[in-house]
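The values are calculated or read from the model by the stated rules, or taken from the named source; none is laboratory data. None of these values were measured; they are calculated from a predicted model. Cβ placement follows ideal geometry from the backbone for every residue including glycine, while neighbour counts extend to all protein chains displayed. To get the accessible areas, we keep the full protein, side chains included, count just its heavy atoms, and leave off ligands, DNA and RNA. Shrake-Rupley method; radii C 1.70, N 1.55, O 1.52, S 1.80 Å.
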2 protein chains.
Amino acid sequence: MAATAPTVSLSLDEVHALAAGCLAANGCDAENARAVADTITAAERDICLSHGLFRLPGYVASLRSGKANGRAQPVVEDLAPGVVRVDGKGGFAPLALEAGRAPLAAKARSQGVAALALNDIHHFAALWPEVEALAEQGLCAFAFTAAFPYVVAAGGRTPIYGTNPMAFAWPRPGRAPLVFDQASSALARGEIMIAAREGHAVPPGTGIDAEGRETTDPNAILDGGAQLPFGGYKGASIALMIELLVGALIGDRFSFEALAVDNHDGGPPKGGELMLAIDPARFGDPENFAAHAELLFGRITAEEGVRLPGDRRRRNREVTAVDGVQVDSALHAKVVELAGG
Amino acid sequence: MAATAPTVSLSLDEVHALAAGCLAANGCDAENARAVADTITAAERDICLSHGLFRLPGYVASLRSGKANGRAQPVVEDLAPGVVRVDGKGGFAPLALEAGRAPLAAKARSQGVAALALNDIHHFAALWPEVEALAEQGLCAFAFTAAFPYVVAAGGRTPIYGTNPMAFAWPRPGRAPLVFDQASSALARGEIMIAAREGHAVPPGTGIDAEGRETTDPNAILDGGAQLPFGGYKGASIALMIELLVGALIGDRFSFEALAVDNHDGGPPKGGELMLAIDPARFGDPENFAAHAELLFGRITAEEGVRLPGDRRRRNREVTAVDGVQVDSALHAKVVELAGG
């Protein structure tokens, strides 16, 4: 993925066709292939390379190993006036998220706040697409999911929490929503893996080795060591909260439970996701909430060098819509090979 | 507050009577004095000294200056099936929180998830009491509030966000709930003020001076400098999220707006708070969610030296229930003086 590596130039439509074709060739039905390809294409569009075509080999591995169901038909169930559940039936997350989106939005509008519990899915993407989609409908949204156990508890040296991301989106009528999506670990696991492959150190605070000593050696973190949460015990608290929300609350797997039953095919864990959606129009300032938020955004960005979360992604998509994307040639060849092409 | 300072020994009942009497002598009606004294006593009970009697001079300052209404009668309003609002009428937060608790819990049980928006309150306490109270009723709860602008945005050097705490509680039937309550700043502002008073440095990463340089000098942070968020840009994202939730969403003040209209009496800002409550019994694992969570807690605490968030507070309350508390003599004398005694 280094800037000097040879690349293949693709339009976003070509990215989508390549991804969907590869998934279909490995056992996805048309709807699942399209939904996963949508997510991959959105990541490439925003130049979030770690969640773009880079993920396809993992998706394919879980299709081929039988861990993930490429033909899953998600089932929507109403659990309470403010709660909708989607049983993902062992498939990848994108189609289950699509199935839950309209009922979640409808419940948020009618109740003011609502939850979407997704069970039995394999999440292998970023969380920002799902919160952004809700915010584009005028809702404030949260998403949480777990992973495999990579991160220590506060004061511990045994990996127990996932890199557990949380995402948040705020609607900005007439503009792209404000969105952030951040792991509970100090560094994303993918970045540690890339550092190991490229032979460079990771920043201090990223992880510990097998003896519990802080290290900047990515291999020591990956081989029997553990990742550290962001911001010390506060990040660990957030990782713990996310385990509770997506494990105990919705009746799905903690990160350590996902690992215990995994087949180690290199694909995503099986687990759950929680989303919350809030309709600002049902709170105390329905006429003015959007303009009020813009006051804050204006004040933040008035300072030189300060951007809002997600700004880089939003600018990237303006460029890639015109110029398409540059895909690492080795990755492109790998995907073509996996597609049987 | 140093361990060697002279202290006065008080029972928790004496703490409560002292606090309530002091508040009543300065303009609180009986209900408001009792509610604020409950919060102060809970903090002393858990040996959270920064939110105990230590706060009384600030409460009194805002009563005497007329900023806070000591006779506020909170008004509860139903905004949506999942949303209840309490207009605090310019009073302190505790009585408004009490007024909102039962409707919030009832809505969470009937809808699955619900929100409580508190407007026009002065919050000068920790957030853990309100989430703990919900969790004691079997609910999972969140709380968020803003403050005055003390913390920079990611990449910035101008204070714009409050120290914006978020609290979370998980119910543990038959046991005290799991609770955490953490500021979005790297260090609590009170700890920086104590370091300045006692003449010692603060940890690296706490803040910057007026020229934007990182410093461990608490005076440089307090005098024209700014606090840093915990965990870099990720903590800043959480601070921003909280501004949006308690400012734009519920129609109340951002931290910078609270400062702009403050009278600088040393008491709390006027602003809002958001709580969310979730009933795990309305999700996918109603019979088993509590036992499932205990599996995780058991795994976390099986590691030597690892505690769950809030464990220290829970142990402290066992001690203080029997032994009472030791109050700094100078603080005790100050409170007695403020009470007109």
Counted residues, the range B:230-250 - those being of a type in the set (Phe, Trp, Tyr) and within 7 Å of chain A (Cβ to nearest Cβ): 1
Would you confirm whether or not the range B:128-135 contains a residue that is assigned to a loop (DSSP other than H, G, I, E, B) and modelled with pLDDT of 95 or more? no
Determine if the range B:270-288 includes at least one residue that is more than 8 Å from chain A (Cβ to nearest Cβ), under 17 Å from the mean Cα position of the chain (by Cα) and over 30 Å from A:ALA291 (Cβ atoms). no
Given (1) within 9 Å of chain A (Cβ to nearest Cβ); (2) open to solvent by 40 Å² or more (accessible area, probe 1.4 Å), number of the condition B:ARG253 does not satisfy: (1)
Considering only residues of the range A:217-229 that are within 14 Å of chain B (Cβ to nearest Cβ) and open to solvent by 10 Å² or more (accessible area, probe 1.4 Å), which is nearest to B:SER184 (Cα to Cα)? A:PRO229
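Restricting the search to the range A:105-117, which residues are away from chain B (no Cβ under 11 Å) and in contact (Cβ under 8 Å) with a residue 24 or more places away in the chain? Reasoning before the result, please.
If we filter the range A:105-117 for residues that are away from chain B (no Cβ under 11 Å), which is where we start, we get A:105-106.
Passing the criteria: only A:ALA105.
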Taking the conditions exactly as written (surrounded by fewer than 24 Cβ atoms within 10 Å (Cβ to Cβ) and touching a helix residue (DSSP H, G or I) at 6+ places or on another chain (Cβ under 9 Å)), does A:GLY207 satisfy them or not? no
What's the number of the condition A:ARG213 fails, among (1) charged (D, E, K, R); (2) under 18 Å from the mean Cα position of the chain (by Cα); (3) more than 9 Å from every other protein chain (Cβ to nearest Cβ)? (2)
Any hit, the range B:118-132, residues being touching a residue at least 24 places away in the same chain (Cβ under 8 Å) and more than 29 Å from B:ALA236 (Cβ to Cβ): no
The residue from B:GLY155, B:GLY100 that alone is in contact with a helix residue (DSSP H, G or I) (Cβ under 8 Å, 6 or more places away or on another chain) and within 14 Å of chain A (Cβ to nearest Cβ) is B:GLY155
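Quick test for you: out of A:ARG213, A:ARG282, pick the one residue that is more than 25 Å from A:TYR59 (Cα to Cα), open to solvent by 50 Å² or more (accessible area, probe 1.4 Å) and touching a residue at least 60 places away in the same chain (Cβ under 8 Å). Outline the logic, then answer.
Details: A:ARG213 fails: touching a residue at least 60 places away in the same chain (Cβ under 8 Å).
The unique qualifying residue is A:ARG282.
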May I ask you to list the residues in the range A:70-94 that are of a type in the set (Lys, Arg) and open to solvent by less than 10 Å² (accessible area, probe 1.4 Å)? none
Here are the criteria: (1) at the interface with chain B (Cβ under 9 Å from one of its Cβ atoms); (2) open to solvent by less than 60 Å² (accessible area, probe 1.4 Å). Tell me which single one A:LEU338 does not satisfy. (1)
Where residues in the range A:124-178 are in contact with a strand residue (DSSP E or B) (Cβ under 8 Å, 6 or more places away or on another chain) and polar (S, T, N, Q), which of them is most open to solvent (accessible area, probe 1.4 Å)? A:THR158
Complete set of residues in the range B:165-180 that are within 9 Å of another protein chain (Cβ to nearest Cβ) and among the charged types (D, E, K, R): none
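Among the listed residues B:GLY58, B:GLY100, which satisfies the condition of being open to solvent by less than 30 Å² (accessible area, probe 1.4 Å) and within 30 Å of A:SER110 (Cβ to Cβ)? Quick ask: steps written out before the conclusion?
Working: B:GLY58 fails: within 30 Å of A:SER110 (Cβ to Cβ).
The conditions single out B:GLY100.
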With respect to A:ALA42, is the statement that it is within 13 Å of another protein chain (Cβ to nearest Cβ), buried (at least 19 other Cβ atoms within 10 Å of the Cβ) and outside any loop (DSSP other than H, G, I, E, B) true? no
Contact list, first residue from the range A:166-186 and closer than 20 Å to A:THR145 by Cβ, second anywhere and basic (Lys, Arg) and open to solvent by less than 20 Å² (accessible area, probe 1.4 Å), beta-carbon distance below 9 Å, six or more apart or interchain, is A:PHE180/B:LYS234; A:GLN182/B:LYS234; A:ALA183/B:LYS234; A:SER184/B:LYS234; A:ALA186/B:LYS234
